[in-house]
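What follows is a single structure, written as structure tokens, with notes after it.
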Amino acid sequence: MRWITAIATALAFCGQANAASKSKEFTRPPFSGAYEPAGVDERGLWMLMDEEERSVRDSPTILNDPQLRDYLTGILCKTVGFDRCNTARIYIVKDKSFNASMAPNGFMRIHTGLLARVFSESELSAVLAHEFAHFELRHSLGKFRNIRRSTDVLAWVSLAGAVTNTNTSALQNSIVLQIFSYSRENERDADLLAAAYIRSSPYPMHFAQIWSRMSEEDNANREERKQRKISRFAPGPTDSHPTNAQRFVYLAKLEAEEGAQEGDDGASEYRAQTSRILPELYSALVMGNEFSGADYVIRGRGDRLGWDSLLLTTRGDLYRQRGNPRDLVTAQAFFQKATQDEAAPPEAWRGLGLTSLRIGETAVGKTALQQYLTRQPNAKDAASIKMLLED
Amino acid sequence: MMQRFLQALALILAISASPAIAQEKGAVRPGFSAEQLVGQKVLVFRPTVWVGEQSTAGMPEPNADWTAQSRDLLDAELRKQRQGLGVEFIDEPDSYGDDAKLVAQYRSLFTTVAGSVMVYQFFPGNRLPTRKNKPFEWSMGSEISRLGDRTGARYGLFVSTEDQYGSTGRKVFQFLAAGLVGVGVQSGVHTGYAGLVDLKTGELVWLNADGQMGGDVRNSEGMQKRVAQLLEDFPTIAKRPVSAK
């Protein structure tokens, strides 16, 4: 039992130490340009991430588009300042999930799924600022040390329990759950520092709405699968992040402050820059298995940034993929609308042709497929399309 | 990042007793002989090196200095070994663009294939139905010849080592766990493998893997022992230099 008391005291002490350091205001370390990691732990983490970056750099999962990358770097620079942003090296990862990350060494990954789900520079700036805040606050290092400390204590507690034949499961659980609450605190701190960055940037703060949309997307998928909708305000004990609802509330409060909405949100520029690679951003979502969520995301962009022929084609493809008879009719309508634009992508005519043939409108279908081949003679599927045209 | 920490945590929580499993360590492809190697160029891919400590609870703690030092020692030791092996080693050249992508993809593929060999061939109790009683025949596909064409090498050598030295806390924990409750706790992880691939056919001609390697990779004597273990059974007719085994 003496073991347990000693450990409980040690834990209480750790708790106090945490509380004491948390109450201190975070001051940005002076920016020196080329920070070098210090100490075994930090240098070790940097080494791991340097190796990781080496392998990711040449990976086929990276979307190699210098123009887009420079555009994203520009948004980060406007958000966190031109002196700091050069510490980040941005890689665009072909991944449909809503995510971005920044490692301690400045290795930043932005998923195409994130670019598909935000609709202005200001919204993107909020997520980039959040990741940059993790970087600046050195959260990876803190988390690494927290987990090591916690699991070390856990090991000793379990051994002490075994030796003294005492049930320590409650204490063990609380140690494990502490790791998650530590992570949630990190996330909240990163949100708050991100908000501070945005306030000193030319962008208006549009952070809260992202989280309400994430909830709605999740609910759209849940409804489709006849699952119970979840709208939790309090996080579960093993959540690594605050809940979407929680984040919405405290960020909305910050956004309501005076002056927080001043500035241009950069939506039209964002639309122009991302339209260029729209199929790349949405194809994984379209091909995925979450129809309602994907449709929610595509509709969101259409409603916010307008429906152009590219986006209509994307939505048409989504419905054509699901392929119920009613979906084909819906998809055909989207393709029809898209093909009214002379500059529409050739895939719009392909979609129109394929859906029309399946519905039974053979003449319309064949004309559209002819158009597709004329516009894209070297299409990968040209041979199979020609077969459809033969009879 | 978080996910990896949680995975590590899950592993630790499982408080693994030492997973010492009797396992085959290496194999040479049937029909392959050392004569085929004589005078050939071998492309040495940048080795994978990870050196650090193991926390009391078993969490890996990377150490940048040890890793950098170990990488240098490994390069030097491999250089020393080349004469004894009767082959010519060439280092992986710096590459960018499509070449770099090609190298990166084959590096990943090798890691996957070698992992499969270790899990499904070297451990007899775990053989897949399709691998049962099958000879050591694994291939990365003949497309790999693009690497051979570009570098002029006939074979490619991959080397990988991972060392987690038990921290003082881990050693004390190991001692107490054994003494007080009789539970075996492993302190330290020392694994490594090396493989040779035919850059014309893509065939894996030799693989040597060991889950419990010797030699302290942080000094040159230890590295000499480690490399000797990594290259154990390397098909060669030339006499090998005396190792500190």
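Using DSSP to define loop residues, name the trypsin sites (Lys or Arg not before Pro) in segment B:78-160 whose beta-carbon has at most 15 other beta-carbon atoms within 10 Å. Listed in order of number, the matching sites are B:Arg127, B:Lys132. Within the same chain, lysines fewer than 8 places from B:Lys225 are excluded, and of the rest, those with a Cα less than 29 Å from its Cα are B:Lys25, B:Lys41, B:Lys80, B:Lys171, B:Lys239, B:Lys245.
Backbone geometry of segment B:182-192 corresponds, through the Karplus equation with coefficients 6.51, -1.76 and 1.60 at θ = phi - 60°, to 3J(HN,Hα) couplings of x, 9, x, 10, 7, 10, x, 10, 9, 10, x Hz, x marking Gly and Pro. Calculated [222 nm] ellipticity per residue, helices only, for chain A: -22500 deg cm²/dmol; basis is -39500 (n - 2.57) per DSSP H run with n ≥ 4, divided by all residues, nearest 500.
Between the helical axis of A:66-80 and the longest alpha-carbon principal axis of chain A there is an angle of about 40 degrees. Accessible area per residue (1.4 Å probe, heavy atoms of protein chains only) ranks A:Ser356, A:Ser240 as A:Ser240, A:Ser356, with the largest value leading.
Which residue fluctuates most in the GNM of chain A (Cα springs below 10 Å): A:Ser309, A:Ser200, A:Ser174? Answer for the Gaussian network model of chain A: A:Ser174.
Pairing chains B and A buries close to 2900 square angstrom of accessible surface in total, based on protein heavy atoms and a 1.4 angstrom probe.
Close Lys pairs in segment A:2-255 (alpha-carbon distance under 29 Å; sequence gap of 8 or more, or different chains): 17. Across peptide A:36-48, the average count of Cβ atoms from other chains found within 10 Å of a residue's Cβ is 4.
Would you work out the charge dipole size for the protein assembly as shown about its Cα centre, treating the Cβ of every Lys and Arg as +1 and the Cβ of every Asp and Glu as -1, and quote it to the nearest 20 debye? List each step's numbers first, then the result.
Working: 75 positive and 75 negative charges, 308 e Å.
That gives the protein assembly as shown a dipole magnitude of about 1480 debye.
For chain B, the longest principal axis of the alpha carbon atoms and the long axis of helix B:2-13 meet at an angle near 60°. Placing +1 on the Cβ of every Lys and Arg and -1 on the Cβ of every Asp and Glu, with nothing else charged, gives segment B:120-245 a dipole about its Cα centre of roughly 120 debye.
Peptide A:150-162 shows a mean partner chain C-beta count of 6 within 10 Å per residue C-beta. The share of accessible area on chain B that comes from carbon and sulfur is 52 percent, using a 1.4 angstrom probe. Each of B:Gly182, A:Thr87, B:Asn208 was scored by the projection of its Cα onto the charge dipole of the protein assembly as shown, and the greatest displacement toward the positive side belongs to B:Gly182; charges sit on the C-beta of Lys, Arg, Asp and Glu. Across chain A, Cα pairs under 8 Å and at least six residues apart give a relative contact order of 13 percent.
Where the alpha-carbon atoms of the protein assembly as shown are placed on the principal axes, they occupy 78, 67, 49 Å, in descending order.
In this Cβ point-charge picture (+1 for Lys and Arg, -1 for Asp and Glu), segment A:2-255 has a dipole of about 640 debye about its Cα centre.
Projecting the Cα atoms of A:Asn378, A:Phe233, A:Val176 onto the charge dipole of the protein assembly as shown (Cβ charges, centred on the Cα centre) puts A:Val176 farthest toward the positive pole. Heavy atoms of the protein chains alone define the surface here; on that basis chain A has 48 Å² accessible area per residue at 1.4 Å probe size. Once the Cα atoms are used to define both axes, helix A:309-322 deviates from the longest principal axis of chain A by about 80 degrees.
Its Cα gyration tensor gives segment B:24-230 an equivalent ellipsoid; the semi-axes, largest first and in whole Å, are 32, 21, 16.
Sparsely packed loop sites in segment A:192-265 (the chymotrypsin sites (Phe, Trp or Tyr not before Pro) outside DSSP H, G, I, E and B with at most 14 other Cβ atoms within 10 Å) comprise A:Phe233. Ordering A:Pro60, B:Thr191, B:Gly148 by Cα displacement along the dipole of the protein assembly as shown toward the positive end leaves B:Thr191 in first place; charges were set at the Cβ atoms of Lys, Arg (+1) and Asp, Glu (-1). Averaged over the residues of B:52-65, the number of partner chain Cβ atoms lying within 10 Å of the residue Cβ comes to 6. The loop-placed GluC sites (Glu not before Pro) in segment A:256-344, going by DSSP, that have at most 11 neighbouring Cβ atoms within 10 Å of their Cβ come out as A:Glu257, A:Glu258, A:Glu262, A:Glu342.
The values are calculated or read from the model by the stated rules, or taken from the named source; none is laboratory data. The structure displayed is predicted, hence computed values, not measured ones. Quick reminder, even Gly has a Cβ in these numbers, built from the backbone with ideal geometry, and neighbours come from all protein chains shown. Surface accessibility is based on the protein's heavy atoms, side chains included, excluding ligands, DNA and RNA. Shrake-Rupley method; radii C 1.70, N 1.55, O 1.52, S 1.80 Å.
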